[in-house]
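Since every read-out is calculated from the coordinates, none of them should be taken as a lab result. Just so we're clear, the structure is a prediction, and the values are computed from it rather than from any experiment. Here the Cβ positions follow ideal geometry from the backbone for every residue, glycine too, while neighbour counts run over all protein chains shown.
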Amino acid sequence: MRIDIALDAMGSDKSPEPEIRGAILAVLQLPVRVHLIGPESRLRKLLAQHMRRAKNRHLPIKIVHASEWISMEDKAASAVRAKRDSSMRVGLKMVREGRAAGFVTAGNTGAAMATAKMVLGTLPGVDRPALATILPTSAGSPSILLDVGANVDCKPQNLVQFAVMGAMYARHILKIDRPRIGLLSIGEEEGKGNDLTREAFPLLRQLPLNFIGNVEGRDIYNGHADVIVCDGFVGNVALKASEGLARLVRESLRESLSSTVSAQVGALLSRKAFNNFKKRLDYSEYGGAPLLGLRGVCIVGHGSSNDRAIMNGIRVAAEFAQTGVNTHLEHEFTLHPPVPHSPTAAEVEGDGL
């Protein structure tokens, strides 16, 4: 049976073309049914054009009308309040009502988190959802970094909750029995870091998790930790810096291969090795980051997502729905409730978005 996935067709920088192409790739390769959310007339026209090119008019893709959408330039808080019929809200309502198993967007991250928190709600024990991303390491096994942009300002209790969610993600998605949890800081010693990391350290040490202490930026890619916890400001800077470095390495390697390889056989071998290397670092292969801690599946992709990234985002949403990560998270928080957190007045106001 196909899994129903709601896709924000108006999220990416070049929407809706990547979303439509990605939806077609997904239904051709995965056991999913995709619901494209956006202005019906516009989507129907473009989808029909792509169907004709693919010579297939019977793909399991449906269009769900939404008269509004939230752009990257919109301020998240005001846009979520003002745009009541946005593609994000319509798609997330489908998840809440059980008409879709998950929601995927490559749109405004702040708006996605605020809308998802409002429409789906959070799991018991979770104050704020966290955006988690999978990164490659030199050890060959992936690592999880969270939060990477959903929460710019965090309290120590938030990092504790992120650690619990990250450990659960590692166990049920990456199949790591006892994931190593690290706190991202500027030194390995317990006293290193800012007020946030120094206050979070003893709280993390009290958890029934495999907490290995502070880790540094270089540990994100050396496989020293399976789950690395930080606030959304630090995590987003680390992620964007990594993307820039990966792009520099790819381009430099391509130039070096082009200038040094002359023999045809050597060129073919080098091209194969380069393509394997590029695939390992390509964000489009990972398909977007899940918002952990929600009462439903919500995957947030890169704003510059191409059709392959959209397809992989749909794949990740389907995998999350099938493995029941949210159910496991809720059970974990019930057994081992993290440090309670009393929300500030500003947070209470924000919850009313």
Open item on the list: Once you place label points 7 Å from the Cα toward the Cβ at His331 and Ser304, how far apart are they in nm?
Closed with: 4.1
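Among Arg254, Arg21, what is the fewest-to-most ranking by other Cβ atoms within 10 Å?
Working: Arg254 15, Arg21 19.
Placing the least packed residue first, the sequence is Arg254, Arg21.
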- [ ] Would you tally the net charge around Lys14, using a Cβ to Cβ cut-off of less than 15 Å, leaving Lys14 out, and scoring K and R as +1, D and E as -1?
- [x] -3
Task: Exposure proxy ranking, count of Cβ atoms within 10 Å, fewest first, for His50, His224, His302 - done: His50, His224, His302
Open item on the list: Net charge around Ser86, counting only other residues with Cβ within less than 11 Å of its Cβ (Lys, Arg = +1; Asp, Glu = -1)?
Closed with: +1
- [ ] Amide H neighbours of Val32 under 5 Å, at least 5 residues apart or on other chains, H built in the peptide plane: list them.
- [x] Ile3
Open item on the list: What does the extension gain come out to for Ala48 and Ala77, with contour length at 0.36 nm per residue minus their alpha carbon separation?
Closed with: 7.0 nm
- [ ] Could you list Thr115, Thr197 in order of exposure, starting from the residue whose Cβ has the fewest other Cβ atoms within 10 Å?
- [x] Thr197, Thr115
- [ ] Quote to one decimal, in nm, the extra length available between Glu199 and Glu97 on full extension: 0.36 nm per residue of separation minus the C-alpha distance between them.
- [x] 32.8 nm
- [ ] Count charges around Gly191 for me, please; just the other residues with Cβ under 12 Å from its Cβ, Lys/Arg as +1, Asp/Glu as -1.
- [x] -3
Task: Potential lengthening between Gln29 and Ala139 on full extension [0.36 nm per residue; Cα-Cα distance subtracted] - done: 36.6 nm
